[in-house]
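> Pasting a structure here, questions to come.
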Amino acid sequence: MSYPTVELSSVRKTFGPTVALGGCNLTAYAGEVHAIIGGNGSGKSTLAKVISGVLIPDSGQVSILGKSATSPHEARQLGISNVFQEVLVADECSVLDNLYLGADGLLGSSMNREEKEAKAAELMRELLGFDIDLSGLVGELPLSVKQWVTIARALLTDPKVLILDESSAALDFDSTERLFRKMRQLKQRGASILIVTHRIAELVRIADRATVLRDGVDVGRLAKEEITEARILELIAGAERSGTSRDQPLPTRLGDRPVLRATDFRVWSDASPVNFTVYPGEVVGITGLDGQGQADFVKCIAGIQYPIAGRLVVVNDGKASEVMDLASARRNKISYVSGDRKKEGIFANLSIYENLLLPVYREFRSGGVLNFINRTKLTPVFEWESSKLAVKMGSPQNLITSLSGGNQQKVLIARAFAEKPVVLVLNDPARGIDVGAKLDLYRNLKEFAARGNAVVFLSSELEEFLNLCTRVHVFRNGAISTDFEPPFDGHAILNAMFGRRATARLPGEAADENGPGNPVRFAESHNPRLEQGRPVPRPVTLLNQEEVNHMAATPSFVLSCPDIAPGSVIPDRFAEDNRLSPRLVWSGPPEGTRSFALAVTDPDLPEAFNFPRSFAHWLVANIPVEVRELAEGASGSLRLPHGAAEFNSDFVTFKIPGFGKGYGGPWPPDRAHRYFFTLYALKADRVELPADADLGAFAAAVMPVVIDAASFVAVYGPAKKSLPG
């Protein structure tokens, strides 16, 4: 039977004159997903921090499983884990160290390193869908993988209450599905999950109940059937704004002369060329699964990143000006907004006022060569741009870090508008802003485009495209794969993102729930029909067996060794001073693979070696894409595929005599060690590495271009002979 796990009654929390929570109430139960919904600055993150002991309320009662936490340490002991809104990782530490931050006591650890690695590797494989090098630095990972690290850190504590504060904001559709799968597993074990998100489509699918906040007070408690976009918007933004989104027409092209054109544009060396044109009045949507090149593309057209090949021009008054870098992009009135505000957006040590107006200081200077800032002229600009997006703040002179994450994002968008661009490039700009603020943003974008300007809008949230974009382009493998025009079918767009037929069933969708024989028609438009604010169910047809067979999953990427079964002992002929490399065979490489790289590593080096990472036994890069095996004894011989390059094992690092480039077999001096055989499928034809590259350099070159990895683990030891030298 379900019972209350989190109970808050009349909770109040202030920060000086600012009332963050003004008498908030919430009850969450075991075995449910409870959504906390509200506008930016409504108190959602403050509420999450009160529950997890980070903040102590000024008044009111907080009960977590019958107790209250007055510190994060006490909250952890009660079984509470909080994944905060900002992606909190230590960039200079390894993935493994980040996963167990805060888990160990001052005098020792509850688990040894082997147990930690085994548990972490299994969980990260489940969340990511592939293996990750736990010894690699987190700072070298993309934002979406960093987000997974923070989520996995919380899951490793086996929480009774899990708080996810905008934790899916950096995840694409496929990744979000894996997160939901894990959340459902936690529900079945009786955990309570509190989720804070602005992605309404996610709430509708995953939440069992919801509490809506406005200005620090709970203004609505919704059962599952009441969690609809119309109802949420009415509670957050007010009834007067709840219907405005769908009432406005889509932006339309205002002329046949383009404002921006990319010709034979390549963002990856192995990708197909992209020819891309934007016309005045258009809002062009860009989407794709994470890591398919769309983020690189928008950064290239904003001048932030250099393309591999191609030409980009901005057309103004009939004259074409080439964009070569960020400076030329700004001269040609291209502005850019990133969704990663912490890394690429805000200046944390500057005020709200300075963050919004910094790019336009030069336009409003006075005093001749003295370059004084003319605040008399700047202040009206600040007030106008911040009011258009309803930035909720105290004094403009407060640090920008005093704002909620969503309001920080609004400041970045307002900053771009203040530059008066002709082309506005948005890289997931609505990450972390509430539905009311999104309406303000969409309205401003439509007005901006209607004045003869253009917008390039990248987003992983498909609902953002429905009533905003003139057209949508889907990226796969570094290039545009599919184009869509209104009315948009979200189902078809998602399938294009996965490289599937338009009518294929999506990952995470239930199959044949109504039994065979129920005919189904896919929605003609992604826009749901509403009755009394609730979506009307639409009919769906079941797939016949021929369609199911056609959609069957492609073989998974698999690496194996005919002589070494996973988990078995490595034969002596491949170990110690026998420098014979084993035969390796693989199949099912992912779509877009251009080459392979191989690493054989030992993570179990004795502490006495004082070595900061795994020991590399064999490193091979630039294995041609058509190759499907390495023959026995390929290392150091003509049997190595043409073009493949071997690098030094760590026997060279430790100056063990008799070793050089190529394979060095297991030689554990103390006990049995694990040996990870990992093959990486890469989206690049080759990676550039110095001849003396070690595992660190190998990982730095390989990991940014990895599509997928296949691996197995074997054991060996202790060694029968002592190491030479």
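> Looking at 403, 358, 350, 389, can you tell me which residue is aliphatic (A, V, I, L, M) and closer than 23 Å to residue 458 by Cβ?
Answer to the selection: 389.
> Looking at (1) under 24 Å from residue 121 (Cβ atoms); (2) in contact with an Asp or Glu (Cβ under 7 Å, 6 or more places away or on another chain); (3) small (Gly, Ala, Ser), can you tell me which one residue 621 breaks?
Looking at each condition in turn, residue 621 falls short on (2).
> If you don't mind, another one. Give me the pairs: first residue in region 205-230 and open to solvent by 30 Å² or more (accessible area, probe 1.4 Å), second residue part of a helix (DSSP H, G or I) and not polar (S, T, N, Q), beta-carbon distance under 6 Å, and six or more apart or on different chains, which are they?
What qualifies is 208/224; 219/235; 229/200.
> Which of the residues that make up region 394-430 are closer than 26 Å to residue 301 by Cβ and in a loop (DSSP other than H, G, I, E, B)?
Residues satisfying the conditions are 419, 420, 421, 422, 428, 429, 430.
> Given the criteria open to solvent by 40 Å² or more (accessible area, probe 1.4 Å), within 21 Å of residue 587 (Cβ to Cβ), part of a loop (DSSP other than H, G, I, E, B) and at pLDDT 85 or above, does residue 692 qualify? Lay out the reasoning, then the answer.
Numbers: open to solvent by 40 Å² or more (accessible area, probe 1.4 Å): yes; within 21 Å of residue 587 (Cβ to Cβ): no; part of a loop (DSSP other than H, G, I, E, B): yes; at pLDDT 85 or above: yes.
Spelling it out, it is not the case that residue 692 is open to solvent by 40 Å² or more (accessible area, probe 1.4 Å), within 21 Å of residue 587 (Cβ to Cβ), part of a loop (DSSP other than H, G, I, E, B) and at pLDDT 85 or above.
> Select from region 287-328 the residues that are part of a helix (DSSP H, G or I) and within 22 Å of residue 255 (Cβ to Cβ) and list them in ascending order.
Listed by number, the list holds a single entry, 301.
> Give the residue that is modelled with the lowest pLDDT, with candidates limited to residues of region 365-380 that are part of a helix (DSSP H, G or I) and closer than 22 Å to residue 349 by Cβ. Before the answer, list the steps.
Taking region 365-380 first, the residues part of a helix (DSSP H, G or I) are 368-370, 375-380.
Imposing the further condition that a residue be closer than 22 Å to residue 349 by Cβ reduces the set to 375, 378-379.
Working: 375: 79, 378: 87, 379: 88.
This residue is 375.
> Shifting gears a bit: Restricting the search to region 583-616, which residues are more than 27 Å from the chain's Cα centre (by Cα) and either in a strand (DSSP E or B) or under 14 Å from residue 679 (Cα atoms) (or both)?
583, 584, 585, 586, 587, 600, 601, 602, 615, 616
> Of all residues in region 663-681, count the ones that are surrounded by fewer than 22 Cβ atoms within 10 Å (Cβ to Cβ) and either at pLDDT 90 or above or in a loop (DSSP other than H, G, I, E, B) (or both). Write out each step before concluding.
Initially, region 663-681 is screened for residues surrounded by fewer than 22 Cβ atoms within 10 Å (Cβ to Cβ), giving 669-672, 674, 676, 678.
Restricting the remaining residues to those that are either at pLDDT 90 or above or in a loop (DSSP other than H, G, I, E, B) (or both) gives 669-672, 678.
Adding up the residues that qualify gives 5.
> Residue check: is residue 112 polar (S, T, N, Q) and surrounded by fewer than 19 Cβ atoms within 10 Å (Cβ to Cβ)?
Judged against the criteria, residue 112 is a match.
> Working only within region 431-458, note down all residues that are modelled with pLDDT under 85, surrounded by fewer than 24 Cβ atoms within 10 Å (Cβ to Cβ) and not in a helix (DSSP H, G or I).
431
> Looking at 645, 709, 714, 701, which one is surrounded by 15 or more Cβ atoms within 10 Å (Cβ to Cβ), modelled with pLDDT of 90 or more and either touching a Cys at 6+ places or on another chain (Cβ under 7 Å) or not polar (S, T, N, Q) (or both)?
645
> Does any residue of region 617-640 turn out to be among the hydroxyl-bearing types (Ser, Thr, Tyr), farther than 23 Å from residue 696 by Cβ, assigned to a loop (DSSP other than H, G, I, E, B) and within 31 Å of the chain's Cα centre (by Cα)?
For region 617-640, residues among the hydroxyl-bearing types (Ser, Thr, Tyr), farther than 23 Å from residue 696 by Cβ, assigned to a loop (DSSP other than H, G, I, E, B) and within 31 Å of the chain's Cα centre (by Cα): absent.
Yes/no matrix, rows are residues, columns are (1) among the hydrophobic types (A, V, I, L, M, F, W, C); (2) surrounded by 20 or more Cβ atoms within 10 Å (Cβ to Cβ); (3) more than 23 Å from residue 234 (Cβ to Cβ):
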{"site": "6", "(1), (2), (3)": "yes, yes, yes"}
{"site": "51", "(1), (2), (3)": "yes, yes, yes"}
{"site": "57", "(1), (2), (3)": "no, yes, yes"}
{"site": "71", "(1), (2), (3)": "no, no, yes"}
{"site": "78", "(1), (2), (3)": "yes, no, yes"}
{"site": "90", "(1), (2), (3)": "yes, no, yes"}
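> Yes or no: region 94-106 includes at least one residue that is assigned to a helix (DSSP H, G or I), under 23 Å from residue 611 (Cα atoms), open to solvent by 50 Å² or more (accessible area, probe 1.4 Å) and of a type in the set (A, V, I, L, M).
no
> Another question, if that's okay. Which of the following residues is modelled with pLDDT under 50, surrounded by fewer than 16 Cβ atoms within 10 Å (Cβ to Cβ), touching a strand residue (DSSP E or B) at 6+ places or on another chain (Cβ under 7 Å) and more than 30 Å from residue 465 (Cβ to Cβ): 555, 566?
Testing whether each residue is modelled with pLDDT under 50, surrounded by fewer than 16 Cβ atoms within 10 Å (Cβ to Cβ), touching a strand residue (DSSP E or B) at 6+ places or on another chain (Cβ under 7 Å) and more than 30 Å from residue 465 (Cβ to Cβ) leaves just 555.
The values are calculated or read from the model by the stated rules, or taken from the named source; none is laboratory data. Predicted, not measured: the structure shown is a model, and the values here were computed from it. Every residue, glycine as well, gets a Cβ built from its backbone with ideal geometry; the counts of neighbours run over all protein chains shown. All accessible areas refer to the heavy atoms of the entire protein, side chains included, with ligands and DNA or RNA removed. Shrake-Rupley method; radii C 1.70, N 1.55, O 1.52, S 1.80 Å.
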